[in-house]
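The values are calculated or read from the model by the stated rules, or taken from the named source; none is laboratory data. This one's a predicted model, so the numbers in the text were calculated from it and none came from an experiment. Counting neighbours? That spans all protein chains shown, and the Cβs are built from the backbone with ideal geometry, glycine included. Surface areas here come from the heavy atoms of the whole protein model, side chains and all, with no ligands, DNA or RNA. Shrake-Rupley method; radii C 1.70, N 1.55, O 1.52, S 1.80 Å.
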Amino acid sequence: MKKQILLTFSIILLTFSTYAQAPRGFYAVVGYSQTSLKSSYLISESKPGFYAGITFNMGYHENYNYQFEAVYKQNTIAAKYVDNTFAEAKDANLKYATTEIGFYLNYYILKPEEGEFFLGPQAGVFASFGDSLSASGEDENGQNYLPYLIDSNSLSDFSKINYGFGLGLTGGFNKIRFDFRYSLGMANTLGDVKTNSYDENNNYTGPTLSGKTNSLTFGVSYMIFTSIKK
(Lines give C-alpha, C1' and ligand atoms only; values in the text may rest on other atoms or scores of the structure.)
Protein backbone atom coordinates (compact mmCIF):
# COMPACT_ATOMS: atom_id res chain seq x y z
CA MET A 1 0.00 0.00 0.00
CA LYS A 2 2.81 2.39 0.92
CA LYS A 3 4.57 1.61 -2.36
CA GLN A 4 1.39 2.39 -4.30
CA ILE A 5 0.98 5.73 -2.50
CA LEU A 6 4.63 6.57 -3.15
CA LEU A 7 4.27 5.62 -6.83
CA THR A 8 1.11 7.76 -7.19
CA PHE A 9 2.81 10.73 -5.53
CA SER A 10 5.83 10.37 -7.82
CA ILE A 11 3.60 10.32 -10.90
CA ILE A 12 1.88 13.53 -9.73
CA LEU A 13 5.23 15.27 -9.23
CA LEU A 14 6.43 14.10 -12.63
CA THR A 15 3.23 15.41 -14.22
CA PHE A 16 3.76 18.86 -12.67
CA SER A 17 7.36 18.82 -13.81
CA THR A 18 6.32 17.95 -17.36
CA TYR A 19 3.34 20.28 -17.80
CA ALA A 20 4.19 23.23 -15.54
CA GLN A 21 5.58 25.24 -18.44
CA ALA A 22 5.07 28.76 -17.06
CA PRO A 23 8.61 30.22 -16.88
CA ARG A 24 9.94 30.35 -13.32
CA GLY A 25 13.12 31.91 -12.01
CA PHE A 26 14.99 35.16 -11.50
CA TYR A 27 15.16 37.80 -14.23
CA ALA A 28 17.21 40.96 -14.71
CA VAL A 29 14.97 43.70 -16.12
CA VAL A 30 15.55 47.10 -17.74
CA GLY A 31 12.99 49.29 -19.39
CA TYR A 32 11.26 52.54 -20.28
CA SER A 33 9.24 54.42 -17.68
CA GLN A 34 7.12 57.57 -17.94
CA THR A 35 5.35 58.95 -14.86
CA SER A 36 2.73 61.73 -14.86
CA LEU A 37 1.45 63.78 -11.95
CA LYS A 38 -2.29 64.40 -12.29
CA SER A 39 -3.17 67.52 -10.32
CA SER A 40 -4.90 70.85 -10.91
CA TYR A 41 -2.58 72.38 -8.29
CA LEU A 42 0.63 71.88 -10.28
CA ILE A 43 0.95 72.37 -14.03
CA SER A 44 3.25 69.60 -15.24
CA GLU A 45 3.90 67.07 -17.96
CA SER A 46 5.80 63.81 -18.00
CA LYS A 47 9.10 63.06 -19.70
CA PRO A 48 10.75 59.71 -20.54
CA GLY A 49 12.63 57.88 -17.82
CA PHE A 50 13.98 54.41 -17.12
CA TYR A 51 13.87 51.58 -14.60
CA ALA A 52 15.99 48.56 -13.74
CA GLY A 53 15.88 45.76 -11.22
CA ILE A 54 15.14 42.11 -10.50
CA THR A 55 11.96 40.07 -10.93
CA PHE A 56 11.14 36.60 -9.65
CA ASN A 57 8.50 34.42 -11.31
CA MET A 58 7.06 31.55 -9.32
CA GLY A 59 4.20 29.09 -9.50
CA TYR A 60 3.47 25.57 -10.75
CA HIS A 61 0.72 25.86 -13.33
CA GLU A 62 0.78 25.96 -17.12
CA ASN A 63 -1.76 28.82 -17.39
CA TYR A 64 -0.52 31.29 -14.79
CA ASN A 65 2.23 32.22 -12.39
CA TYR A 66 3.13 34.96 -9.91
CA GLN A 67 5.66 37.72 -10.36
CA PHE A 68 7.48 39.55 -7.57
CA GLU A 69 9.66 42.49 -8.54
CA ALA A 70 11.96 45.07 -6.97
CA VAL A 71 13.00 47.91 -9.29
CA TYR A 72 14.53 51.38 -9.22
CA LYS A 73 12.74 54.02 -11.32
CA GLN A 74 13.99 57.44 -12.33
CA ASN A 75 11.56 59.81 -14.00
CA THR A 76 11.41 63.49 -14.87
CA ILE A 77 8.35 65.70 -14.43
CA ALA A 78 8.46 69.07 -16.21
CA ALA A 79 6.65 71.75 -14.16
CA LYS A 80 5.77 75.34 -15.06
CA TYR A 81 7.11 78.09 -12.78
CA VAL A 82 7.74 81.82 -12.58
CA ASP A 83 10.64 83.51 -10.83
CA ASN A 84 10.47 86.53 -8.53
CA THR A 85 10.10 88.89 -11.47
CA PHE A 86 6.90 87.13 -12.68
CA ALA A 87 8.00 88.10 -16.19
CA GLU A 88 7.40 84.78 -17.94
CA ALA A 89 6.57 81.14 -17.29
CA LYS A 90 9.45 78.67 -17.58
CA ASP A 91 9.92 74.90 -17.36
CA ALA A 92 11.77 73.14 -14.54
CA ASN A 93 12.73 69.48 -14.79
CA LEU A 94 11.85 67.83 -11.47
CA LYS A 95 13.57 64.55 -10.69
CA TYR A 96 11.30 61.82 -9.29
CA ALA A 97 13.23 58.69 -8.24
CA THR A 98 11.62 55.73 -6.47
CA THR A 99 12.29 52.17 -5.40
CA GLU A 100 9.24 50.04 -6.15
CA ILE A 101 8.11 46.62 -4.94
CA GLY A 102 5.30 44.87 -6.79
CA PHE A 103 3.38 41.60 -6.82
CA TYR A 104 1.52 40.54 -9.99
CA LEU A 105 -0.48 37.65 -11.40
CA ASN A 106 0.38 36.59 -14.96
CA TYR A 107 -2.34 34.66 -16.79
CA TYR A 108 -1.29 33.15 -20.12
CA ILE A 109 -3.76 33.02 -22.99
CA LEU A 110 -0.98 31.71 -25.21
CA LYS A 111 0.60 29.14 -22.91
CA PRO A 112 4.37 29.05 -22.44
CA GLU A 113 5.84 26.13 -24.32
CA GLU A 114 9.41 25.30 -25.26
CA GLY A 115 10.35 27.29 -28.36
CA GLU A 116 6.98 29.10 -28.62
CA PHE A 117 5.81 32.66 -27.93
CA PHE A 118 3.61 33.20 -24.86
CA LEU A 119 1.27 36.10 -24.00
CA GLY A 120 -1.40 37.11 -21.50
CA PRO A 121 -2.80 39.79 -19.19
CA GLN A 122 -1.13 40.88 -15.97
CA ALA A 123 -2.58 42.50 -12.82
CA GLY A 124 -1.22 43.31 -9.38
CA VAL A 125 -0.33 45.84 -6.71
CA PHE A 126 2.76 47.90 -5.86
CA ALA A 127 4.27 50.10 -3.16
CA SER A 128 7.02 52.65 -3.82
CA PHE A 129 9.42 54.61 -1.64
CA GLY A 130 11.30 57.57 -3.05
CA ASP A 131 12.77 61.03 -2.81
CA SER A 132 10.85 64.27 -2.89
CA LEU A 133 10.55 66.17 -6.13
CA SER A 134 13.74 68.13 -6.74
CA ALA A 135 14.91 70.44 -9.51
CA SER A 136 17.48 68.81 -11.78
CA GLY A 137 20.45 70.97 -12.78
CA GLU A 138 18.67 74.27 -12.17
CA ASP A 139 18.80 77.10 -9.64
CA GLU A 140 15.82 76.65 -7.30
CA ASN A 141 16.02 80.13 -5.78
CA GLY A 142 12.88 82.11 -6.48
CA GLN A 143 11.03 79.36 -8.36
CA ASN A 144 7.25 79.46 -7.77
CA TYR A 145 5.39 76.62 -9.46
CA LEU A 146 2.11 77.38 -11.20
CA PRO A 147 -0.75 77.85 -10.79
CA TYR A 148 -0.67 78.11 -6.96
CA LEU A 149 2.86 79.56 -6.65
CA ILE A 150 4.25 76.58 -4.72
CA ASP A 151 7.86 77.34 -3.85
CA SER A 152 10.71 74.87 -4.15
CA ASN A 153 11.02 74.37 -0.39
CA SER A 154 7.40 73.26 -0.18
CA LEU A 155 7.99 70.61 -2.85
CA SER A 156 10.28 68.85 -0.38
CA ASP A 157 7.05 67.73 1.34
CA PHE A 158 6.02 65.73 -1.74
CA SER A 159 5.00 62.30 -0.43
CA LYS A 160 7.84 59.79 -0.33
CA ILE A 161 5.43 56.83 -0.14
CA ASN A 162 3.05 55.75 -2.88
CA TYR A 163 0.97 52.66 -3.59
CA GLY A 164 -1.53 51.45 -6.13
CA PHE A 165 -2.27 48.80 -8.73
CA GLY A 166 -1.09 47.94 -12.22
CA LEU A 167 -2.64 46.33 -15.31
CA GLY A 168 -0.95 45.25 -18.48
CA LEU A 169 0.34 42.54 -20.79
CA THR A 170 3.15 40.07 -20.27
CA GLY A 171 4.74 37.71 -22.72
CA GLY A 172 7.97 36.43 -24.15
CA PHE A 173 9.93 33.64 -25.71
CA ASN A 174 11.98 31.11 -23.71
CA LYS A 175 14.32 33.10 -21.38
CA ILE A 176 13.29 36.52 -22.67
CA ARG A 177 10.08 38.18 -21.56
CA PHE A 178 8.46 41.61 -21.57
CA ASP A 179 5.96 43.53 -19.42
CA PHE A 180 3.86 46.42 -20.74
CA ARG A 181 1.98 48.02 -17.85
CA TYR A 182 -0.15 50.96 -16.76
CA SER A 183 0.16 51.73 -13.04
CA LEU A 184 -2.17 54.01 -11.11
CA GLY A 185 -0.98 55.50 -7.84
CA MET A 186 -3.59 55.87 -5.09
CA ALA A 187 -1.70 58.03 -2.56
CA ASN A 188 -2.22 61.80 -2.43
CA THR A 189 1.35 62.79 -3.18
CA LEU A 190 0.68 66.52 -2.71
CA GLY A 191 -1.22 66.17 0.56
CA ASP A 192 1.57 67.71 2.69
CA VAL A 193 2.67 70.34 0.17
CA LYS A 194 1.61 73.91 1.02
CA THR A 195 1.23 77.14 -0.92
CA ASN A 196 2.52 80.53 0.23
CA SER A 197 -0.69 81.31 2.12
CA TYR A 198 -0.20 82.17 5.81
CA ASP A 199 -1.82 84.69 8.15
CA GLU A 200 -0.06 87.13 10.47
CA ASN A 201 0.30 84.36 13.08
CA ASN A 202 1.98 82.05 10.56
CA ASN A 203 -1.05 79.76 10.39
CA TYR A 204 -1.57 78.08 7.05
CA THR A 205 -4.64 79.45 5.27
CA GLY A 206 -4.19 77.89 1.84
CA PRO A 207 -5.94 74.92 0.26
CA THR A 208 -5.21 71.27 0.87
CA LEU A 209 -3.54 70.14 -2.32
CA SER A 210 -4.13 66.84 -4.06
CA GLY A 211 -2.37 64.93 -6.80
CA LYS A 212 -1.85 61.35 -7.90
CA THR A 213 0.66 59.69 -10.18
CA ASN A 214 0.24 57.27 -13.05
CA SER A 215 2.94 55.48 -15.02
CA LEU A 216 3.46 53.69 -18.31
CA THR A 217 6.29 51.18 -18.35
CA PHE A 218 7.74 48.75 -20.84
CA GLY A 219 10.42 46.38 -19.59
CA VAL A 220 12.45 43.57 -21.13
CA SER A 221 13.68 40.78 -18.84
CA TYR A 222 16.24 38.04 -19.26
CA MET A 223 16.30 34.95 -17.07
CA ILE A 224 19.54 34.76 -15.09
CA PHE A 225 18.58 31.79 -12.91
CA THR A 226 15.84 29.21 -13.34
CA SER A 227 14.17 27.07 -10.71
CA ILE A 228 13.26 24.44 -13.32
CA LYS A 229 15.60 21.47 -13.37
CA LYS A 230 15.80 19.67 -16.69
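In this model, which of Lys175/Lys212; Lys47/Lys175; Lys47/Lys80; Lys90/Lys194 are farther than 25 Å apart at the alpha-carbon?
Pairs exceeding the cut-off: Lys175/Lys212; Lys47/Lys175.
Per-residue HN-Hα couplings for segment 29-38, Karplus 6.51 cos²θ - 1.76 cosθ + 1.60 at θ = phi - 60°, whole Hz, x for Gly and Pro?
Each residue of segment 29-38 in turn: 10, 9, x, 8, 9, 9, 10, 10, 10, 8 Hz.
From the protein chains alone at 1.4 Å, what is the descending order of accessible area for Phe129, Phe56, largest first?
Order by accessible area, largest first: Phe129, Phe56.
Would you list Leu155, Leu167, Leu105 from the most to the least accessible area, probe 1.4 Å?
Largest to smallest exposure gives the sequence Leu167, Leu105, Leu155.
How far, in degrees from 0 to 90, does helix 2-19 lean away from the longest principal axis of the Cα atoms of the chain, to the nearest 10?
So the helix axis and the longest Cα principal axis differ by about 50 degrees.
Please get the size of the charge dipole for the chain, origin at its Cα centre, with Cβ charges of +1 on Lys and Arg and -1 on Asp and Glu, quoted in debye to the nearest 20.
Using only the charged Cβ atoms, the result is roughly 1500 debye.
Using protein chains only and a probe of 1.4 angstrom, how many square angstrom of Thr217 are accessible, to the nearest 10?
Thr217 has an accessible surface of roughly 10 Å² with all protein chains in place.
Between Asp91 and Ser197, how many nm apart are label points set 7 Å from Cα along the C-beta direction?
2.9
Taking K and R as +1 and D and E as -1, what net charge do the other residues with C-beta under 12 Å from the C-beta of Ile161 add up to?
That works out to -2.
Which one of Gly171, Tyr198, Phe103 has its Cα pushed farthest toward the positive end of the charge dipole of the chain, where Lys and Arg give +1 and Asp and Glu give -1 at the Cβ?
Gly171
Of the listed values [x] 17.6; [y] 20.1; [z] 19.1, identify the label whose number matches Kirkwood radius over Cα pairs in Å calculated from this model.
Checked against the structure: label [y].
Helix-derived [θ] at 222 nm for the chain: sum -39500 (n - 2.57) over DSSP H runs of at least 4, divide by residue count, nearest 500?
Calculated from helices alone, the mean residue ellipticity at 222 nm is -2500 deg cm²/dmol.
For the chain, which longest stretch is free of loop sites, where a loop site is one of the GluC sites (Glu not before Pro) that DSSP puts outside H, G, I, E and B and that has at most 15 other Cβ atoms within 10 Å?
1-87
What is the distance, in nm, between label points placed 7 Å from the Cα along the Cα-to-Cβ direction at Val220 and at Phe173?
Calculated label separation equals 1.2 nm.
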